[in-house]
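Take a look at the structure set out below.
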Amino acid sequence: MANHHEHSHHHEHHLVPASLNKIFIFCIALNLLFVIIEAGVGFIYNSLGLLSDAGHNLSDVFSLLLALVAFRMAKLHATHHFTYGYKKATILISLANAMILLVAVGAILIESIYKLKNPEPVSGEAISWTAGIGILINGLTTWLLMRDRKKDLNVQGAFLHMMMDTLVSVGVVISGILISFTGWNWIDSIISLLIAAVILISTFGLLKESLFLSMDAVPASVHLETIQQEIEALPQVKSWHHLHIWGISTTENAATVHIVLNNIAEMETVKPRIKQIFSSAGISHSTIEFESASCQCHEQECS
């Protein structure tokens, strides 16, 4: 029986550009300033729509801040205790961001239902002007994050949140206009409920992927069946088993696999081809164990 273990690290990582640090710092400062203004106007004019949107925007500020922390932690060097470094923190922070949004949705729903039962007069003009500023700020933030949204789950989450915020601000402007012309104050609560629904929908995908990655599921960007088919198509490969793929971070993936060869002497020929299969699938860290077909009858011992 021949059993060989090969471990490779491909450093073609989809790293988040350093320029994103400055972008995130700028977006955090800009959105925090708007949250203060929006919440102040909401309190003065008793607008639940503005207060709900301010609460959501505040959660987005925390999300942007946590994403910035994640980028910094991902760059920390590995230690004897954390041999992968602190890259997993990017996944945990992405999950935390999704949970923060869910808490925000719950708070908005409770307050909206209360205000529907106990409506109070609000200023449609104040709502429209304040939300109009929100469209500009949220739109600018969305545009700044658009280019790098596919490079990292945290960037994608921030982009989706800010894009949805832009749409929500449009909705708040519409509600302010309707209140000004109709005097129907209950529209403010209805808009708040719609805001909660939009947040919930936009958060579901982020929550699902973050939760799956935290449980070492195959990342959504990796097509497992394609990898299996490409390995099986190699003429030197008799069979394979113990194929595992998981996310080290929101930008890096790893894999392990046991390959049974017809002839163990072909190991050096097969190894780079399997590495290329993994690399093409976005897997930068791979551990490959080779086995000879002669030990198939003792497969459990070989593995």
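The values are calculated or read from the model by the stated rules, or taken from the named source; none is laboratory data. Source: prediction; values computed, not measured. Every residue, glycine among them, receives a Cβ derived from its backbone with ideal geometry; neighbour counts consider all protein chains shown.
Being surrounded by fewer than 16 Cβ atoms within 10 Å (Cβ to Cβ), part of a loop (DSSP other than H, G, I, E, B) and either among the hydroxyl-bearing types (S, T, Y) or out of contact with any strand residue (DSSP E or B) (no Cβ under 8 Å at 6 or more places or on another chain) (or both) is the filter here, so list the residues in the stretch 213-257 that pass it.
Listed by number, the residues that qualify are M215, A220, S221, H223, A233, P235.
When both residues are 6+ apart or on different chains and their Cβ atoms are under 7 Å apart, which pairs have a first residue that lies in the stretch 164-178 and is modelled with pLDDT of 80 or more, and a second that is not in a helix (DSSP H, G or I)?
L178/W184
Looking only at the stretch 265-282, filter to residues that are in contact with a helix residue (DSSP H, G or I) (Cβ under 8 Å, 6 or more places away or on another chain) and not small (G, A, S); which one of those is nearest to A220 (Cα to Cα)?
The extreme case among them is F278.
Could you pull out the residue among V61, V69, V103 that is touching a Leu at 6+ places or on another chain (Cβ under 8 Å) and part of a helix (DSSP H, G or I)?
V61
Return a yes/no flag: does the stretch 177-189 have any residue that is of a type outside the set (A, V, I, L, M), out of contact with any helix residue (DSSP H, G or I) (no Cβ under 7 Å at 6 or more places or on another chain), assigned to a helix (DSSP H, G or I) and more than 21 Å from V103 (Cβ to Cβ).
yes
Among the candidates L95, L66, L102, which residue alone is touching a helix residue (DSSP H, G or I) at 6+ places or on another chain (Cβ under 8 Å), closer than 21 Å to I23 by Cβ and surrounded by fewer than 24 Cβ atoms within 10 Å (Cβ to Cβ)?
L66
Considering (1) touching a residue at least 60 places away in the same chain (Cβ under 8 Å); (2) on the phi > 0 side of the Ramachandran plot, say which one D216 fails and leave the rest.
Unmet for D216, out of (1) touching a residue at least 60 places away in the same chain (Cβ under 8 Å); (2) on the phi > 0 side of the Ramachandran plot: (1).
Checking E111 against (1) without any contact (Cβ under 8 Å) to a residue 24 or more places away in the chain; (2) surrounded by 14 or more Cβ atoms within 10 Å (Cβ to Cβ), which test does it fail?
Evaluating E111 over (1) without any contact (Cβ under 8 Å) to a residue 24 or more places away in the chain; (2) surrounded by 14 or more Cβ atoms within 10 Å (Cβ to Cβ) leaves (1) as the failure.
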